[in-house]
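Just so it is clear, none of the values below were taken in a lab; they were calculated from the coordinates. Everything quoted here is computed from the prediction, not taken from an experiment. Because the Cβ atoms are built from the backbone with ideal geometry, glycine has one as well, and the counts that use them run over all protein chains shown.
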Amino acid sequence: MSEKTDLLVLGATGFTGTLITRYLQAHPQRLQFSLALGARSPKKLDALVRSLNLPASVKLVDVDVTNPDDIERAVRGTRVVINTVGPYWLWGTPVVRACVRNSVHYVDLTGEAAWTKQIIREFDYYATKTGAIIVPASGFDSVPSDISAYLANKTLKSLPTTDGKYVQAGPSTSAQLFRGGVSGGTIASAMTMIEKVPKHVLKEARVPYSLSPVVGVVRPPFKALYKLPVPGAKPLLGGFFVMAPTNRSVVQRTFGLLEWQVAEGKRKEAQVERYGPQFSYDEFQVMPSAFSAIVLSAAVVLGLSMLIIKPIRNLAKKYLPQSGEGPSEEAMQNGSFHITNITTSSTSPPVQVKTIVKGKGDPGYLLTAIMISESALSILLPLVSESQSAVLTPGKTSNIHALTALAQQGGVLTSMTAFGDVLIRRLEETGRFEFSSSVVDGAGKKDV
């Protein structure tokens with residue numbers, strides 16, 4: 001029986017798959033993990049090897065995600081799968097099924113809440129029995145949003161109290177400012193949601209806390225104009241963020257999984273990790289004025305409504321970015337995102353925490369490739385700063401013991417309920433991400 005490779009990148013010859021491959025090959029820990037690349041076309045795999053000057057040690061796997069035997073063979077030969085082949089509603093489920101069955105860990109880039117709900121229903125319990133860590137939405141959908149709420153909660157939990165109880169979170173809102181393109185894969189997923197997913201399934205996925213085992217406080221799903229007061233600064237104004245429904249559902253699942261841990265009563269640490277029953281989350285896209293914010297919201301609603309009309313949708317498919325396409329290297333380097341999160345405690349008097357999450361690079365392409373790669377490596381290896389003097393053999397290392405209790409159990413998780421602080425620190429080590437969180441109103445300042 002041949003030795004398993006540590007990482008398998010499925011869809012390696014696509015635009016994002018190529019970025020992931022390039023990033024992993026240049027990674028400072030590259031000698032500590034083995035790498036396999038999977039794609040349907042052997043010719044494209046060979047071309048990728050030549051274009052990136054990959055060594056012979058990189059394993060090439062011919063795999064067609066429409067062929068169950070191909071998937072089974074590819075998955076059984078690896079320890080962690082990075083799946084970039086979407087739309088996931090069409091092609092993702094057999095890959096997850098094979099991973100769960102074979103105790104192989106899995107991360108992907110889906111923004112399809114309806115599909116995520118489906119795999120939670122079908123595989124979450126099964127994965128806890130096989131120990132497989134399954135983490136959808138490991139890119140710009142929805143890692144930064146998940147981190148913003150997670151860090152805000154950590155700051156609140158670090159505050160001293162007179163009664164010995166932990167400070168619980170209340171409303172949490174993220175204001176998203178970004179510079180970058182919308183990927184062709186994201187557009188393809190949106191088209192698939194309209195054309196292939198049954199209407200009742202989409203309706204179920206739009207229900208608040210549809211991905212969460214616990215139902216929390218519900219906030220309005222749509223506002224034309226958002227206004228976020230920021231202590232010591234001007235309020236942030238914005239409109240509807242097209243990624244908000246997906247990101248919100250992921251953060252709600254994080255909340256629900258952590259609340260569920262408390263209900264189980266098996267770990268004292270769960271009281272520190274939980275956000276609290278009054279927690280709620282929303283986000284919006286920052287705009288320079290109230291007028292531009294309302295225009296953005298109206299444009300999003302109008303655009304999505306127009307896509308329901310088939311002739312318009314066909315025209316949009318022709319002119320919008322296609323799956324596998326992406327921006328120039330210069331454009332990717334010039335991209336960025338900046339999230340300002342304000343979270344208010346549920347206590348009286350309330351405490352407010354300001355959390356900043358920043359990234360340098362196109363968030364939907366360059367930074368997404370980094371986020372999913374570091375998510376996968378979180379399972380395999382210790383931090384770069386902790387492994388420089390260690391002797392780590394590819395195929396023999398594991399970092400699961402350093403991950404969360406939920407990750408050690410397995411299941412369909414989120415980035416923060418699986419990787420938590422390990423992923424945040426790995427992203428910091430890349431030099432492209434910055435994180436800060438501190439009390440700005442209601443208590444003595446404390447940073448996390």
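Once the Cβ-Cβ distance between residue 73 and residue 201 is put in as r, and R0 is 22 Å, what FRET efficiency do you end up with, to the nearest 0.05? Result of the calculation: an efficiency of 0.15.
When only alpha carbons are used to place a centre, the stretch 58-95 and the stretch 284-345 end up 30 Å from one another.
Within the chain, DSSP assigns beta bridges of which about 55% are antiparallel (rounded to the nearest 5). Lysines near residue 227 by alpha-carbon distance under 18 Å, same-chain residues fewer than 8 away left out - which ones? Qualifying lysines at Cα under 18 Å: 354. In this structure, residue 405 and residue 289 have a Cβ-Cβ separation that, at R0 = 51 Å, corresponds to a calculated FRET efficiency of about 0.65.
Please report the base-10 log of the normalised intensity I(q)/I(0) for the stretch 188-249, using a Debye sum with one equal scatterer per alpha carbon and no solvent, at each q in 0.13, 0.15, 0.21 (1/Å). Reported log10 I(q)/I(0), two decimals: -0.51, -0.64, -1.00. Remark on the stretch 235-373: ratio of C-alpha radius of gyration to 2.2 N^0.38 Å is 1.35. Annotation: extensible slack from residue 122 through residue 429 equals 107.0 nm (criterion: 0.36 nm per residue apart, minus Cα-Cα distance).
When all alpha carbon pairs of the stretch 91-163 are counted in 10 Å bins from zero, the resulting P(r) reads 18, 38, 25, 14, 5, 0 %.
Estimated from helices alone, the mean residue ellipticity of the chain at 222 nm is -13000 deg cm²/dmol (sum of -39500 (n - 2.57) over DSSP H runs with n ≥ 4, per residue).
Over the stretch 337-448, Cα pairs under 8 Å with separation of 6+ residues give a relative contact order of 33 percent. Here the relative contact order of the chain, from alpha carbon pairs under 8 Å that lie six or more residues apart, stands at 21 percent.
Under the classification rounded if a/c is under 1.5, otherwise prolate if a/b is larger than b/c and oblate if not, where does the stretch 227-282 fall, given a ≥ b ≥ c as square roots of the Cα gyration tensor eigenvalues? Oblate, because a/c is 1.5 or more while a/b does not exceed b/c. Of all aspartates and glutamates in the structure, those lying under 15 Å Cα to Cα from residue 165, and not within fewer than 8 positions of it along the same chain, are 269, 273. Residue ranges 113-126, 11-24, 213-226 sort as 11-24, 113-126, 213-226 when ordered by packing (mean number of other C-beta atoms within 10 Å per residue, highest first).
Determine the relative contact order of the stretch 1-113: mean sequence separation of Cα pairs under 8 Å and six or more apart, normalised by residue count, in whole percent. Normalised by residue count, the contact order of the stretch 1-113 is 29 percent.
Each residue, residue 269 and residue 386, gets one label point 7 Å from its Cα in the Cβ direction; the gap between the two is 1.1 nm.
Sorted on the mean count of surrounding Cβ atoms within 10 Å across their residues, most packed first, peptides 352-365, 289-302, 242-255 read 242-255, 352-365, 289-302.
For the listed peptides 412-422, 136-146, a ranking on the average number of other beta carbons within 10 Å per residue, highest first, reads 136-146, 412-422. Taking the empirical scaling 2.2 N^0.38 Å for compact globular proteins as reference, the stretch 297-441 has a Cα radius of gyration ratio of 1.39. Taking 16 Å as the straight-line reach from the Cα of residue 223, the aspartates and glutamates in range (excluding those fewer than 8 positions away in the same chain) are 282, 283.
Fully extending the segment from residue 306 to residue 62 would add 84.0 nm, taking 0.36 nm per residue of separation and subtracting the current Cα-Cα distance. Counting every Cα pair in the chain, what percent are over 30 Å apart? Looking at the chain, the distances longer than 30 Å represent 41 percent of pairs. Our analysis of the stretch 141-219 gives Rg over Rh at 1.09, with the two radii drawn from alpha carbon positions and Rh computed by the Kirkwood formula. Using a 10 angstrom cutoff on alpha carbons, build the Gaussian network for the chain and name the most mobile of 406, 304, 211. Per the Cα network of the chain with a 10 Å cutoff, 304 tops the list.
One way to sum up the overall shape of the stretch 25-139 is the equivalent ellipsoid from its Cα gyration tensor, whose semi-axes run 25, 16, 14 Å, largest first.
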